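A.B. asks: Below is the structure I would like to discuss, written out as structure tokens.
Readers should treat all values here as calculations from the given coordinates under stated rules, not as data from a laboratory. Bear in mind that the values here come from a model prediction, so they are computed numbers and not experimental data. Counting neighbours? That spans all protein chains shown, and the Cβs are built from the backbone with ideal geometry, glycine included.
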Amino acid sequence: MAEAKVESMVTKALNAAWVRPFLFLIFIVVAWDFAIRIFKIPAYQIPAPADVVAVLFNDWPELLRQAWPTTYATILGFLLSAAFGIPVAMLIAGSRTIESYIYPLLVFSQSVPKVAIAPLFVVWFGFGIIPKVIAAFLLGFFPVVVSAVQGFKSVDLDMIDLARAMQGSRFQVFCAVNLPHAMPAIFSGLKVSVTLAVVGAVVGEFVGSNSGLGYVMQRSIGTFDLPTMFAALVILALLGVILFWIVDRIERLVIPWHVSRREEIVFAS
Amino acid sequence: MQPVTKVTADQPGAHLRLVSDRTDTGKPGIKLKGVSKTYRSRDGDVPSLQPLDFHINQGEFFVVVGPSGCGKSTLLKMISGLLPPSTGEILVEGEQVTKPHGNVGIVFQNALLLPWRSILSNVMLPIDMKRLPRAKYLARAQQLLKLVGLEGFEKKLPWQLSGGMQQRASICRALVHDPKIMLMDEPFGALDAMTRERMNVELSRIQRETGKTVLLITHSIPEAVFLADRVLVMTERPGAIAAIYDVPLPRPRSLDVMADPIFTELVQRIRKHFFTQGALD
């Protein structure tokens, strides 16, 4: 009896959403450690997990201090890409003329490698936070626009006719129909955007900065201090996960009615 | 409502007259004078509707049947003021239509309920759009939901309801601002055959209880005859009037009416229009 109870608790714990990726992570770390031991990979090529953990443990005040500018630049860049991306998408979806002028250029600009032009921002704006924010913004901007345009355009035209036949003004119809309808698409764009913004901020730090996790990585590679570099990577990944999670939480609050959330509503009611 | 054509036993062939002799009662309803529509496209002008002249009396149940693409939906959009006619004029309640006038309730083939609004809130959409006092119409919305048998579903989200129930809610939405006219574009086309029959009986009842003027578009000839006071048969594109038939069946009608000789005769008669045209889809 007691055994069965323990067993059910174990299965319950196994089924918790966060446990599975965590277990997989442990598996990867163990495999990593074994691979280094078995193939005798030297520490200057790949550090052992224990060394990385040691750095994380010993240098965490310094790493945390360096994580702050990166986080700051990421969030600023992400907010900018949302603040510009959504209105631009509205314009593109709202007017054929604007779409024909802007959209092809937008796609074209997206093919320009941001890493290659990032040094330009350093030339223009110096070694401060601005080049990082711009790099984060440029990487995060495009997915927001593409998803939001698709969201705004996929409204059922009969629905618009219906609302207009009730003498709704263009603005009223937009707020009551188009905008809520586009929300799920906008959020999927924002989720892609927030993770890309992290990449953008790090790219900005690579090319010219004296602070941030990108700068830490750049510096530690120069001195073959791979454990530190990997520690910075771990923190970067964590940063991406946390920001993604925050956007996901906001999405749940804003569009609880969406198809992907239906199961939860049924359970809640 | 229509004292002119109460067809009785001494006029057995009245419903087979090609053009209804039901005269304009003079009461405001819908009136079309030489209304046509031509779409501009890259390949030149595409005529969608040939000039149409007909009237729909107040409180009448008027059904339009026709093959796909004969411009039925264009007609509906023009009457609601969403689309200007190329020629002619449309009068709704005696006033010429130039822009959306809000005096119509529209029901489409899909219920088109907003998934983020509750059923009650969906029904209230026209009130929000027209900026009418919410408090005043809330009771009416609840009353309408009761009328269509959706009492107790006010707080549900649309996806929690079946297709038939969703369509009932969209009928409530079309009625909540108390328009004189209801425009319905194949309202039950997406429902299964059994639900569809039941909805037809319900719609008949709702129309009688609310006294609205209804213009309904359908592909189904039996449905048209079952619901209508008059049936307008349209030709293929560009659409024109092939015939207007009276339906002299008494109301209220139950599904048994479909076995009535007048019903079957009329259905056959209308079907012939499409077979001689060679298109029925």
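A.B. asks: At 7 Å along Cα-to-Cβ for each site, give me the label-to-label distance between B:T87 and A:L253 in nm.
C.D. replies: 6.0 nm
A.B. asks: With r as the distance between the Cβ atoms of B:Q96 and B:D53 and R0 = 22 Å, compute the FRET efficiency 1/(1 + (r/R0)^6) and round to 0.05.
C.D. replies: My answer for the efficiency is 0.90.
A.B. asks: Further question: Give the peptides A:61-68, A:170-177 in descending order of average Cβ contacts within 10 Å, highest first.
C.D. replies: Descending mean neighbour count gives A:170-177, A:61-68.
A.B. asks: Still on this structure, please answer the following. Would the protein assembly as shown count as rounded, prolate or oblate if I go by the C-alpha gyration tensor, calling it rounded below 1.5 in a/c and otherwise prolate when a/b exceeds b/c, oblate otherwise?
C.D. replies: prolate
A.B. asks: Considering the options B:L114, B:V231, B:G29, tell which one lies farthest towards the positive end of the dipole of chain B, charges being +1 on Lys and Arg and -1 on Asp and Glu at the Cβ, about the Cα centre.
C.D. replies: Highest projection toward the positive end goes to B:L114.
A.B. asks: Under the definition of Cα pairs under 8 Å and six or more residues apart, what whole-number percent is the relative contact order of region B:112-178?
C.D. replies: Over region B:112-178, the number comes to 49 percent.
A.B. asks: With +1 on each Lys and Arg Cβ and -1 on each Asp and Glu Cβ, and nothing else charged, work out how big the dipole of region B:112-178 is about its Cα centre, in Debye to the nearest 20.
C.D. replies: Charge dipole, region B:112-178, about its Cα centre: 160 debye, nearest 20.
A.B. asks: Related question: Over the Cα atoms of chain B, each weighted equally, I'd like the Debye log10 I(q)/I(0) at q = 0.15, 0.16 Å⁻¹, rounded to two decimals.
C.D. replies: -1.19, -1.33
A.B. asks: Cα-based Rg of region B:70-147 per 2.2 N^0.38 Å, rounded to two decimals?
C.D. replies: 1.30
A.B. asks: Also: Taking every eigenvalue of the Cα gyration tensor of region A:1-133, multiplying by 5 and rooting it, what semi-axes result, largest first, whole Å?
C.D. replies: Equivalent-ellipsoid dimensions as semi-axes: 44, 27, 17 Å.
A.B. asks: Which stretch or stretches of region A:133-164 have amide N atoms under 19 Å from the point lying 7 Å from B:K130's Cα along the Cα→Cβ direction?
C.D. replies: It comes to A:159-164, nothing else.
A.B. asks: Please name whichever of B:P261, A:I117, A:A31 sits farthest to the positive end of the charge dipole of the protein assembly as shown, dipole taken about the Cα centre and charges placed at Cβ: Lys and Arg +1, Asp and Glu -1.
C.D. replies: Going by the charge dipole, the pick is B:P261.
A.B. asks: In addition: Count, for each residue of B:115-122, the Cβ atoms from other chains sitting within 10 Å of its Cβ, then give me the mean as a whole number.
C.D. replies: 3
A.B. asks: With N set to the number of residues, divide the alpha-carbon radius of gyration of region B:112-178 by 2.2 N^0.38 Å and report two decimals.
C.D. replies: Ratio of Cα Rg to 2.2 N^0.38 Å: 0.97.
A.B. asks: Per-residue Cβ counts within 10 Å, from other chains only, averaged over B:156-166: what number is that?
C.D. replies: Mean partner shielding for this stretch: 1.
A.B. asks: Which FRET efficiency value, to the nearest 0.05, is calculated for A:S109 and A:F39 with the Förster distance at 41 angstrom and r the Cβ-Cβ distance?
C.D. replies: Once the sixth-power term is evaluated, E becomes 0.40.
A.B. asks: Fewest to most neighbouring Cβ within 10 Å: what's the order for A:M9, B:M199, A:M166, A:M183?
C.D. replies: With the fewest neighbours first, A:M9, B:M199, A:M166, A:M183 line up as A:M9, A:M183, B:M199, A:M166.
A.B. asks: Spin-label point model (7 Å from Cα, Cβ direction): what's the B:A139 to A:V6 distance in nm?
C.D. replies: My value for the distance between the label points is 6.7 nm.
A.B. asks: Residues of region B:68-112 with amide nitrogen under 14 Å from the 7 Å Cα-to-Cβ point of B:T38?
C.D. replies: Counting backbone N atoms under 14 Å from the label point, the list is B:85-88.
A.B. asks: Only bridges with both residues in the protein assembly as shown count here: give the DSSP antiparallel percent, nearest 5.
C.D. replies: Approximately 50 percent, going by the DSSP bridge assignments.
A.B. asks: With N residues in chain A, what two-decimal value do you get for its Cα radius of gyration over 2.2 N^0.38 Å?
C.D. replies: Expressed relative to 2.2 N^0.38 Å, the Cα Rg reads 1.26.
A.B. asks: Any idea how far the Cα center of region B:176-245 sits from the one of region A:31-71, in Å?
C.D. replies: 73 Å
A.B. asks: Between B:D178 and A:V234, what is the label-to-label distance in nm when each label sits 7 Å out along the Cα-to-Cβ direction?
C.D. replies: 7.1 nm
A.B. asks: Just counting partner chain Cβ atoms within 10 Å, what average do the residues of peptide B:177-185 show around their Cβ?
C.D. replies: Across the residues of B:177-185, the mean count of other-chain Cβ atoms within 10 Å is 1.
A.B. asks: Report the FRET efficiency, 1/(1 + (r/R0)^6), for A:S95 and B:R271, where r is their Cβ-Cβ distance and R0 is 60 Å, rounded to 0.05.
C.D. replies: 0.80
A.B. asks: Sticking with this structure for a sec: At 222 nm, what helix-only mean residue ellipticity would the protein assembly as shown give, in deg cm²/dmol to the nearest 500, using -39500 (n - 2.57) for each DSSP H run of four or more?
C.D. replies: Dividing the helical sum by the residues of the protein assembly as shown leaves -18000 deg cm²/dmol.
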